[in-house]
Every structure is written in C-alpha cells, then in structure tokens.
Amino acid sequence: MRVAVLSDIHANLEALDAVLGRARAEGFDAVYVLGDIVGYGADPDAVIRRLREEPSATLIGGNHDLAAVGRFDTTWFNRAAAEAIRWTAGVLGEPHRRFLKGLEASGRADDTLLVHGSAVDPVAEYVVNEARAVASFEADEFDVCLFGHTHLPTAFVRAPSGRVEGGVLPDGEALSLEPGARYMLNPGSVGQPRDGDPRASFMVFDSGARTAVVHRVEYAIEQAQRKIRAAGLPEPLADRLAVGR
Ligand code: ZN
C-alpha cells in the first residue's frame, strides 16, 4: 500500500493543494494526516473541507486542532500561536468545529502507529533526538510509527541490536526499511516547514516495497502570506513561510 503522509498543514491551503497534486502524480492508495490541520494559517475551513473530500484519508488531531476547540490548554503556546488559535476558534464553521472535536489523538492504520507528537505523548511531545525516540520505541509496540509536530522531515531507526540513530530525510531520497528494524518517520510540515527549505514537505510511505520518500513541493507562498496578513493574523506567521523557519 502506498500512503501519502501529511502533517502540520496549519491551514495553509496553497501548500496542501500543491502537495495533493504532487501526491496524485506519485500515486497513492491512502492519505494519513498526522495532525495540526489548523492553526497559524488563514484557511482552516477550506483545508478541513479539502481533507474531508479525500475518501481514503485517516486523520488524527494535533495540539493546535485540539486547542482550537478547547481540548488543549494554550498556556504554553507562544503569543503568535495563541493569537492564531483564538482567531481560528472564531472563524471555524460549526461542522468543522465538531469534526475537530471528534478527532482522536492517535491511531493505527495498516499496522502503522499514527501520532502527532510521540508514542509517549501523542499530542505534545517533540521527538527531536535519539533519547526521545528511544522513549517512544519503549512506550509502544510498532514496527513503523509516523509522527509530526517538529515540522522536520526526519527518521529514527532502531536496529535489531537496539541501537537508535536519527537523521534528516533529504528531498527525493528513498529510505529502505530493513527487516527486523523499527522506525519513527516524520514527513515534515506541509504548511509551515522549519528546516530552512520553504517548500512544502510530505512523504510517500510504501508498506509493500518498504520505502519512505520525502518530497518537497513548491507552492504559492505569497498567496498564503497575503491571506494571513488580510486576516489580521500576526505578521511573523506570514514572514516565516518565505524562509522556512
Ligand atoms: Zn505543527
């Protein structure tokens, strides 16, 4: 099965459409969305609508999705993020509010564990180093865990010896999943990349061929920025899209 893995779309419709177009060109049987569908960007309703039109999509919620419907405390959000959550909560249509309220914080699909943060804390933990990855490998049983939240396309591998190593996933380079090893894979962020490359990021995970490939996709960044400014959202949320930080 070929899966288009999308995370951290953050209400960026231009980036989502570019990624879905590229995913269709690559070919997929299913879409997994690892949370943070909304927050930061100016198109929460349109993005949710687009994802709900995707019949093969399995979606879980991230901290921003839950915060937008009062299921997650924004005390530790930075000011711009908290402001964007208040704005999102104010504009979300009622069916979409109900939709976000109904999202689970983790899921399983085709034997793969889906979380936004980690296997330890599916909503809010950042898996940014080997120590955090080790904790997740110990916390749950999975061969492959797909996660988001850090906005960085990365892979952590636990070899049969127990040794855990992590690294970045470069654009277009296939990672081969070795038998007996376990994996935590992050597709990067569709709507707000933070690795210095402003292009949208997603992954094609092939469970049959046992490969994972990250793809970076150009999109209409200026259009997304214009909408953020027109909505009155904090200026830095528009600025950062141009630099991928
Ligand atoms: Zn996010």
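FYI, it's all coordinate maths here, none of it is from the lab. As the structure is a prediction and not an experimental result, all values here were calculated from the model. Methodologically, a virtual Cβ is constructed for each residue, glycine included, from the backbone with ideal geometry; neighbour enumeration extends over all protein chains shown.
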- [ ] Tell me, please, whether a residue that is part of a loop (DSSP other than H, G, I, E, B), under 23 Å from Tyr126 (Cα atoms) and either within 16 Å of the ligand (Cβ to nearest atom) or touching a residue at least 40 places away in the same chain (Cβ under 8 Å) (or both) can be found in the stretch 21-29.
- [x] no
TODO: Could you tell me whether any residue of the stretch 58-72 is surrounded by fewer than 18 Cβ atoms within 10 Å (Cβ to Cβ) and assigned to a helix (DSSP H, G or I)?
DONE: no
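Could you check the stretch 31-75 and list, in sequence order, the residues that are of a type in the set (Gly, Ala, Ser) and within 16 Å of the ligand (Cβ to nearest atom)?
Once the filter is applied, which keeps residues that are of a type in the set (Gly, Ala, Ser) and within 16 Å of the ligand (Cβ to nearest atom), the stretch 31-75 yields Gly35, Gly39, Gly41, Ala42, Gly61, Gly62, Ala67, Ala68.
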TODO: Look at Pro187 and say whether it is closer than 21 Å to Thr58 by Cβ and in contact (Cβ under 8 Å) with a residue 24 or more places away in the chain.
DONE: yes
Task: Among residues of the stretch 39-57, those that are small (Gly, Ala, Ser), in contact with a Leu (Cβ under 8 Å, 6 or more places away or on another chain) and either over 11 Å from Leu16 (Cα atoms) or part of a loop (DSSP other than H, G, I, E, B) (or both), counted - done: 3
Task: Members of the stretch 194-228 found to be touching a Lys or Arg at 6+ places or on another chain (Cβ under 7 Å) and not aliphatic (A, V, I, L, M), listed by number - done: Arg194, Gly196, Asp197, Arg199, Ser201, Asp206, His215, Arg216, Glu218
- [ ] Read through the list (1) touching a residue at least 60 places away in the same chain (Cβ under 8 Å); (2) basic (Lys, Arg); (3) within 16 Å of the ligand (Cβ to nearest atom), then give the number of the only condition that Arg2 fails.
- [x] (3)
Open item on the list: Please pick out the residue among Arg50, Arg71 that is within 29 Å of Ala30 (Cβ to Cβ), among the basic types (Lys, Arg) and within 16 Å of the chain's Cα centre (by Cα).
Closed with: Arg50
